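I have placed the structure first, in the form of structure tokens, so that the comments after it can refer back to it.
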Amino acid sequence: IEDEIPVYIEKNPGFRLPANGAKMIMVGAGTGIAPYRAFMQHRESMGITGNTWLFFGDRRFNSDFLYQSEWLKMREKKFLERMEVAFSRDQQEKIYVQHKMIEHQKEIFEWIENGAVVYLCGDRRHLAKDVNKTLLEIIRTQGGISEEQAEKYLKNLKREKRFQVDVY
């Protein structure tokens, strides 16, 4: 039996590494981790260490921690500076990447204020909305500004290509 599977490629030319080795905060769930693996492999090939922070989430640690050994090696070699993981089904109360972001909101805001590029890759329906809402909350709270000002701040990050999104 011959089956056909439709495949399409959706280009996202704006979803790129910062040219200057700037700080990066990478947020992803599930297969949304794939571009970050490529980003990190490129940085490793260039000898650029540190200034990288990965927030990764999926359902279960034992079956869903994609590229786990590679991430641990990158941390050991100092290419990946920080890593926070959230596995939603490993405990009774679900924990998602946005919960990990709130836990580290002070440092996230400091990284952003110091030029970090924030990346978001993964599910459009849930992850994108929740992380966007969480980022706005972090900016509002840590920046001591209004919700409207936080929205302007985030729009400015997008305009400067310092908040890059690839969701599907």
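The values are calculated or read from the model by the stated rules, or taken from the named source; none is laboratory data. Model, not experiment: these values are computed from the prediction. Positions of Cβ are backbone-derived with ideal geometry, glycine not excepted, and every protein chain shown enters the neighbour counts. What goes into the accessible areas is simple: the full protein's heavy atoms, side chains included, and nothing from ligands, DNA or RNA. Shrake-Rupley method; radii C 1.70, N 1.55, O 1.52, S 1.80 Å.
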Regarding Phe79, is this residue closer than 22 Å to Lys158 by Cα and in contact (Cβ under 8 Å) with a residue 24 or more places away in the chain? no
Restricting the search to region 18-38, which residues are without any contact (Cβ under 8 Å) to a residue 24 or more places away in the chain and assigned to a helix (DSSP H, G or I)? Ala38
Name the residue, out of Gly57, Gly115, that is surrounded by 14 or more Cβ atoms within 10 Å (Cβ to Cβ), of a type outside the set (D, E, K, R) and either part of a helix (DSSP H, G or I) or in contact (Cβ under 8 Å) with a residue 40 or more places away in the chain (or both). Gly57
Output the residue which, of all residues in region 73-90 that are open to solvent by 80 Å² or more (accessible area, probe 1.4 Å) and part of a helix (DSSP H, G or I), is nearest to Ile25 (Cα to Cα). Arg75
Considering only region 18-30, state which residues are at pLDDT below 90 and closer than 15 Å to Leu120 by Cα. Pro18
Residues to consider are Glu107, Glu93; find the one that is surrounded by fewer than 16 Cβ atoms within 10 Å (Cβ to Cβ) and closer than 22 Å to Asn20 by Cβ. Glu107
Out of curiosity, is Lys161 under 16 Å from Met26 (Cβ atoms), surrounded by fewer than 16 Cβ atoms within 10 Å (Cβ to Cβ) and of a type outside the set (Gly, Ala, Ser)? yes
